[in-house]
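Note sheet for the following structure.
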Amino acid sequence: MRQSGNSTNKSAIQPVPQELQLLDSIIQSSYDGIFVADANGIGWTMNEAYTRITGVSKDKLLYRDLKDAIQDGIISDSVTYKVLEEKKAITIIQTVNGTEVLATGSPVLDDQGNITHVVTNIRDLRDLNYLKSEIYSSRIFSDSLMRELEQRNESEIAKPVFRGVIAHSQELRKQLKIAKKVAKVDSLVLLTGESGAGKEAFADFIYEHSQRKGQPYLKVNCAAIPSSLLEAELFGYEKGAFTGAITTGKVGLFEKANGGTILLDEIGEIPKEFQVKLLRVLQELEIKRVGGTHQIPLNIRVIAATNRNLEELVNNGEFREDLYYRLNVIPIHIPPLRKRTADIIPLANYFLEKLNEKLDSNLSLHPETLPVLENYSWPGNIRELENVLERAAILSEEEHIMPSDLSLRPTRSQKNNLKELVNRYEAELIQEAIEKHKTTRKAAASLGISQSALVKKMQKFQLTSKEYIHE
């Protein structure tokens with residue numbers, strides 16, 4: 001390119017014809033959008049891919065100062081000027097004509113090291129999000145194949161799939177690694193975490209990887225059994241032990257699980273008067289039926305689970321301290337979904353895959369739905385995610401599940417800090433404004449902020465859509 005770095009109009013740009021033809025061929029052959037400006041920030045040339053991605057024609061950007069394009073709302077920011085200021089390659093997320101793109105600007109230097117031009121390469125973020133979704137889907141498929149292999153090394157545990165136990169996040173990988181190790185021995189495991197976080201799935205994982213796999217596996221919801229019947233249900237009873245008892249007596253749940261594994265779910269809900277009896281069973285591994293006279297030995301693996309804070313219950317005098325320490329041999333805490341956002345999209349794809357089989361459909365997550373899922377706090381954890389996707393899959397009339405299909409609004413949990421609450425409320429107000437006014441200029445006016453400020457906030461909260469236009 002033989003031209004001055006200070007050209008400001010079309011007539012001043014005079015490259016050699018052969019060089020221009022070669023340069024134009026290279027630029028036009030690129031699938032990604034390419035835009036070139038001179039050292040004054042004046043648009044010099046662009047390819048058809050740039051127009052395809054953004055919908056902006058050449059006459060809107062070429063032979064004019066990019067600052068004017070910002071003022072007109074065509075682009076939200078100029079990577080060219082950032083390169084000229086910092087004199088190095090810069091990458092930003094930019095909104096062009098309402099389309100969010102990843103823009104990388106690179107300086108072109110002359111023999112003296114001065115910038116003569118800036119070449120900007122853009123990639124449609126919607127394509128990148130589609131690619132992200134496809135990568136997650138391929139990971140799910142790869143993991144399902146790995147489960148069929150007999151050899152499971154440490155690299156496999158990094159991304160396992162087991163009945164909903166998906167660990168892409170560092171937080172869950174650590175806990176799953178502990179669960180896999182402890183599964184090989186009979187130590188008592190205490191699973192803690194919020195309701196719906198996956199405690200039962202972890203218990204299943206431990207059982208399936210233990211030497212007791214194939215033996216009895218009973219799950220007991222302690223909170224669902226009336227306190228007056230808890231001892232009889234767990235230990236069993238002899239005939240005539242109490243009024244209303246079956247005349248032949250009854251084998252208790254501990255006996256039924258003998259030789260295998262028993263999950264005592266909601267262990268924090270058992271009444272204090274029964275806690276001492278349970279403690280003895282865990283210590284001696286034997287039970288005596290209600291109304292019975294002899295001890296029955298147990299060969300059993302016990303897993304306990306609770307969504308309560310047992311330490312707090314101990315401090316409040318609601319839970320026996322000795323029972324707590326007996327249960328807390330191998331504690332495994334399952335973090336809530338909001339603290340392991342790396343697991344949200346893989347879990348969503350996993351559930352959607354199951355729903356597609358169930359509903360005989362071929363639904364997928366639209367790229368705009370991914371950040372909505374990741375930014376929601378999921379107070380109901382995995383159980384809520386599964387239910388939301390099932391409702392969306394049934395009601396969706398498109399081939400992709402859109403954000404509107406989820407029927408989610410930012411939650412305002414007391415556990416969120418002030419900054420999170422303000423951001424969510426601000427995002428909600430902006431969403432309502434752009435849905436009502438359709439253009440960023442009108443929406444900005446209704447919110448009392450400038451159009452450029454609104455575009456930046458839309459970019460921050462990932463609220464851009466092809467439906468909203470800049471005018």
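The values are calculated or read from the model by the stated rules, or taken from the named source; none is laboratory data. Everything numeric in this text was worked out from a predicted model, so none of it was measured. Note that each Cβ is placed from the backbone with ideal geometry, even for glycine, and that neighbours are counted across all protein chains shown. Surface areas here come from the heavy atoms of the whole protein model, side chains and all, with no ligands, DNA or RNA. Shrake-Rupley method; radii C 1.70, N 1.55, O 1.52, S 1.80 Å.
The figures follow:
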| read-out | value |
| --- | --- |
| Alpha carbon centroid spacing (whole Å) that separates segment 174-197 from segment 53-83 | 55 Å |
| Under 5 Å, built H, 5+ apart or other chain: amide partners of LYS219 | LEU263 |
| Integer Hz, Karplus 6.51/-1.76/1.60 couplings in order for segment 219-227, x for Gly and Pro | 10, 10, 8, 4, 6, 8, 9, x, 4 |
| Positive minus negative residues near GLU397 (Lys, Arg vs Asp, Glu; Cβ under 14 Å) | -2 |
| Volume per residue that the Cα convex hull of segment 288-351 spans, once the total is divided by residue count, Å³ | 180 Å³ |
| Nitroxide proxy distance, nm - points 7 Å out along Cα→Cβ at SER404 and GLU390 | 2.5 nm |
| Segment ALA224-SER450, extension gain: residue separation times 0.36 nm, minus the distance between their alpha carbons | 75.7 nm |
| Per residue accessible area in Å² of segment 270-323, where ligands, DNA and RNA are left out and the probe is 1.4 Å | 51 Å² |
| Å³ per residue enclosed by the Cα convex hull of segment 35-129 | 85 Å³ |
| Listed pairs LYS184/LYS213; LYS213/LYS256; LYS181/LYS277; LYS174/LYS339 exceeding 20 Å between Cα atoms | LYS181/LYS277 |
| Separation of alpha-carbon centers, segment 23-51 and segment 208-229, rounded to whole Å | 66 Å |
| Gained length - THR341 relative to ASP360, 0.36 nm times residue gap less alpha-carbon distance | 4.0 nm |
| Rg/Rg_globular for segment 318-460, with Rg_globular taken as 2.2 N^0.38 Å and Rg from C-alpha atoms | 1.36 |
| Calculated from backbone phi, Karplus (6.51, -1.76, 1.60) coupling profile of segment 60-68 in Hz, x at Gly/Pro | 7, 10, 7, 6, 9, 6, 5, 5, 5 |
| Reciprocal mean inverse distance between Cα atoms of segment 249-324 - Kirkwood radius, Å | 13.4 Å |
| Per-residue ³J(HN,Hα) for segment 261-268, Karplus 6.51 cos²θ - 1.76 cosθ + 1.60, θ = phi - 60°, Hz, x for Gly and Pro | 10, 10, 9, 9, 7, 6, 5, x |
